[in-house]
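Chemist: After the structure tokens below, expect a handful of questions from me.
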Amino acid sequence: MKITVIYHSHSGKTRTIAEKIHHQLGGDLIEVVPNQQYSTLSAVTKGCYRALTGTADSVTPDSIALGDTDLVVFACPVWAGKPTPVMNGALKVLSGESGKRAFLIVTCNDAKSGGQAIALLKSRVSDVGMVPAGEGVLDKHTVISDQAITPLIEKIRLTGGKS
Ligand SMILES: Cc1cc2nc3c(=O)[nH]c(=O)nc-3n(C[C@H](O)[C@H](O)[C@H](O)COP(=O)(O)O)c2cc1C
């Protein structure tokens with residue numbers, strides 16, 4: 001079973017999670033970055049506006065082929081209660097995604113906000129023909145806690161059928 005982790009991280013927390021998952025489960029690790037980088041200020045102004053309006057950023061890499069992947073883990077921060085516009089952009093550059101299972105992770109300050117963003121991310125991966133197969137919300141307390149991350153990785157392992 002091959003797992004591909006696709007993530008966006010603005011300030012590094014989601015990157016740490018994505019790297020831990022990749023370290024434990026192998027497969028591919030793909031960081032998606034916006035072609036127009038956000039500053040601290042523009043993330044709050046432009047970034048939140050784009051998140052609220054469901055806009056997809058133009059991103060690098062400009063294509064992600066999922067041919068031999070069995071489970072795709074998508075991970076991103078929550079901006080304004082939504083998935084980031086960079087993650088929206090990542091969903092636009094996939095190929096071979098139809099029918100593949102997706103495990104969704106958001107990192108956030110507040111778990112309630114994360115729950116709202118996960119629901120949206122779930123509907124967006126469904127819209128591109130993928131099958132949501134699991135999810136995890138890491139808030140400001142759990143994002144740095146191995147006690148939360150270890151069971152999440154185990155959940156992904158089981159979802160991916162990894163022994
Ligand atoms: C522009 C911006 C907007 C944010 N909006 C929210 C929000 O609506 N709800 C929330 O719980 N956290 C929010 N956060 C906090 C981040 O989601 C959280 O710190 C996340 O773990 C950061 O991940 P990263 O370090 O990978 O970028 C926001 C952070 C930024 C920079």
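Chemist: Calculate one ³J(HN,Hα) per residue across region 16-24 by plugging θ = phi - 60° into the Karplus curve 6.51 cos²θ - 1.76 cosθ + 1.60, and present them in order as whole Hz with x for glycine and proline.
Modeler: 4, 5, 4, 5, 5, 4, 4, 4, 7
Chemist: ³J(HN,Hα) across region 52-67 via Karplus (A = 6.51, B = -1.76, C = 1.60, θ = phi - 60°), whole Hz, x for Gly/Pro?
Modeler: 4, 8, x, 6, 9, 6, 6, 10, 10, x, 8, 8, 10, 8, 9, x
Chemist: Further question on the same structure: To the nearest 20 debye, what charge dipole does region 1-135 have about its Cα centre, counting +1 at the Cβ of each Lys and Arg and -1 at the Cβ of each Asp and Glu? Show your work: numbers first, answer last.
Modeler: Values: 13 positive and 11 negative charges, 71 e Å.
So the magnitude is around 340 debye.
Chemist: Would you mind checking the pairs Lys13/Lys82; Lys46/Lys100; Lys92/Lys140 and listing those with alpha carbons more than 27 angstrom apart?
Modeler: Details: Lys13/Lys82 17 Å; Lys46/Lys100 32 Å; Lys92/Lys140 29 Å.
Pairs exceeding 27 Å: Lys46/Lys100; Lys92/Lys140.
Chemist: Distance from the Cα centre of region 1-49 to that of region 108-163, in angstrom?
Modeler: 14 Å
Chemist: Please sort 3-16, 83-96, 30-43, 118-131 by packing, taking for each peptide the average over its residues of neighbouring beta carbons within 10 angstrom, highest first. Show your work: numbers first, answer last.
Modeler: Values: 3-16: 19.9, 83-96: 22.0, 30-43: 14.4, 118-131: 16.5.
Most protected by this proxy first, the peptides run 83-96, 3-16, 118-131, 30-43.
Bear in mind these aren't lab numbers, they're just calculated from the coordinates by the rules spelled out. The shown structure was predicted, so the numbers you read here are calculated from the model rather than taken from an experiment. No Cβ is skipped: glycine too gets one built from the backbone with ideal geometry, and neighbour counts run over all protein chains shown.
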